[in-house]
Structure formats: C-alpha cells, structure tokens
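**Student:** Got a structure for you, questions after.
The values are calculated or read from the model by the stated rules, or taken from the named source; none is laboratory data. From a predicted model like this one, the values you see are computed outputs, not experimental measurements. FYI the Cβ positions are ideal-geometry reconstructions off the backbone, even for glycines, and counts take in every protein chain you see.
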Amino acid sequence: MDQMDPRARDVNILLVEDDDGDAKAIRRAFAKAKIGNPLIRFQNGVDALAYLKGETEQTPPRQYVVLSDLNMPRMSGIEFLEALRNDPRLRSTLFFVLTTSNDERDISAAYFNNVAGYILKSRAGDMFIELMSVMDNYWRFVELPVIENRSASHG
C-alpha cells in the first residue's frame, strides 16, 4: 500500500510558552525524539491567536497541534483555549496543555474546553522525550482537521 501519509509531515506544532528554558527543553526533546515537524513558538496567547486568525504577515498552517502553557503574560493558556473554542474557524484545534499547574480548577477548565490532554511538566520529567514520541505518534495516526485561512484570501 502507500507509505507514510504525507499529511503527517504537514502538521505544524505551535508551542505557546513564555519561559525560554522550557521552550528550549521542549525543542531538545523534539530533536531527541526525532520529531521533524515544524515548531513555531509564541510567548503568549495574544500573539498565537493573532497568528492563527491570519492577522499577522505570516500565513498560518492548515494543519497544526497546539502545545500551550497556562501561566503566561497578556493572555493565559485557558483564555487562549477559550478564544479558540469561541472562534468558529478555530474551535476544532487540537490543543494540549503542558504546564506546571496541578490546580484542579485549571485542569477542570482545560477539559471543559475539550483539550486533547493535560500534561504536568513535573510529571513528564525524565520521560519527556518518550512523551513527545507518544504525542508524535498520536498526531500521525489520528485525522486532524484542516483549518482554512479565509482572512488571507478575503481581504
């Protein structure tokens, strides 16, 4: 039959993380897990949301997965998630929380807004590379929605 689905290579990873050290650790884990998907980083939800809505000079990808911290300046991860869920074009975004917060209110709010997973950075620890491999396999095997960028073509 056919080999690896070429769409798997088209999935961009949007990392929304304000901490430079955590962002570097995630990039290293991706490299060690041999995940070659493009990784685009934003330091807050405001900038990530503007990008996904097509309000920047860059064209957002048609297929992507969001990995987002919760505790960030300007717009928290939960506020970012809620904004995505309230946007008819972006509501189907596959969203993973990657955070230090084990606050039950954050966990409940994330799952109330249909996250694909809530991952504690502290629990990932030494198994972080394995976790990234599991996530890579996940988005290779599941069908992801294609997000059409209408704002760029209808200006």
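**Student:** Within the range 106-134, track down each residue that is in a helix (DSSP H, G or I), of a type in the set (A, V, I, L, M) and modelled with pLDDT under 90.
**Tutor:** Initially, the range 106-134 is screened for residues in a helix (DSSP H, G or I), giving 106-112, 121-134.
Checking which are of a type in the set (A, V, I, L, M) leaves us with 107, 109-110, 124, 127, 129, 131-132, 134.
Within the range 106-134, Ala124, Met127, Ile129, Leu131, Met132, Val134 qualify.
**Student:** Being within 22 Å of Asp18 (Cα to Cα) and in a loop (DSSP other than H, G, I, E, B) is the filter here; which residues of the range 91-105 pass it?
**Tutor:** Scanning the range 91-105 gives Thr93, Thr100, Ser101, Asn102, Asp103.
**Student:** Ok, one more. Across the range 51-92, which residue is surrounded by the most Cβ atoms within 10 Å (Cβ to Cβ) among those that are among the β-branched types (Val, Ile, Thr) and in contact with a strand residue (DSSP E or B) (Cβ under 6 Å, 6 or more places away or on another chain)? It would help to see each step written out before you state the result.
**Tutor:** Taking the range 51-92 first, the residues among the β-branched types (Val, Ile, Thr) are 56, 59, 65-66, 78.
From the residues that got through so far, the ones that are in contact with a strand residue (DSSP E or B) (Cβ under 6 Å, 6 or more places away or on another chain) too are 65-66.
On the way: Val65: 22, Val66: 26.
Selected residue: Val66.
A quick yes/no check of all residues on (1) under 13 Å from the mean Cα position of the chain (by Cα); (2) outside any loop (DSSP other than H, G, I, E, B); (3) within 23 Å of Lys121 (Cα to Cα):
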{"site": "Arg41", "(1), (2), (3)": "yes, yes, yes"}
{"site": "Ala48", "(1), (2), (3)": "yes, yes, yes"}
{"site": "Thr59", "(1), (2), (3)": "no, no, no"}
{"site": "Leu67", "(1), (2), (3)": "yes, yes, yes"}
{"site": "Glu79", "(1), (2), (3)": "no, yes, yes"}
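**Student:** Tell me which residues, restricted to the range 22-61, are among the small types (Gly, Ala, Ser) and modelled with pLDDT of 90 or more.
**Tutor:** Hits for the range 22-61 are Ala23, Gly45, Ala48, Ala50, Gly54.
**Student:** Taking the residues in the range 93-117 that are aromatic (Phe, Trp, Tyr) and within 24 Å of Asp10 (Cα to Cα) as candidates, determine which candidate is surrounded by the fewest Cβ atoms within 10 Å (Cβ to Cβ). Break it down into steps so the answer makes sense when it comes.
**Tutor:** Here is the first cut: in the range 93-117, the ones aromatic (Phe, Trp, Tyr) are 95-96, 111-112.
Cutting the leftovers down to within 24 Å of Asp10 (Cα to Cα) gives us 95-96.
Numbers: Phe95: 24, Phe96: 19.
Looking at the filtered set, the residue picked out is Phe96.
**Student:** Considering only the range 16-30, I want to know if a residue exists there that is touching a residue at least 24 places away in the same chain (Cβ under 8 Å), within 22 Å of Pro145 (Cβ to Cβ) and either part of a loop (DSSP other than H, G, I, E, B) or among the aliphatic types (A, V, I, L, M) (or both).
**Tutor:** Yes, that holds for at least one residue.
**Student:** Quick one: Asn37 ticks every box in (1) part of a helix (DSSP H, G or I); (2) under 13 Å from the mean Cα position of the chain (by Cα); (3) touching a residue at least 60 places away in the same chain (Cβ under 8 Å) bar one, so which box is it?
**Tutor:** (1)
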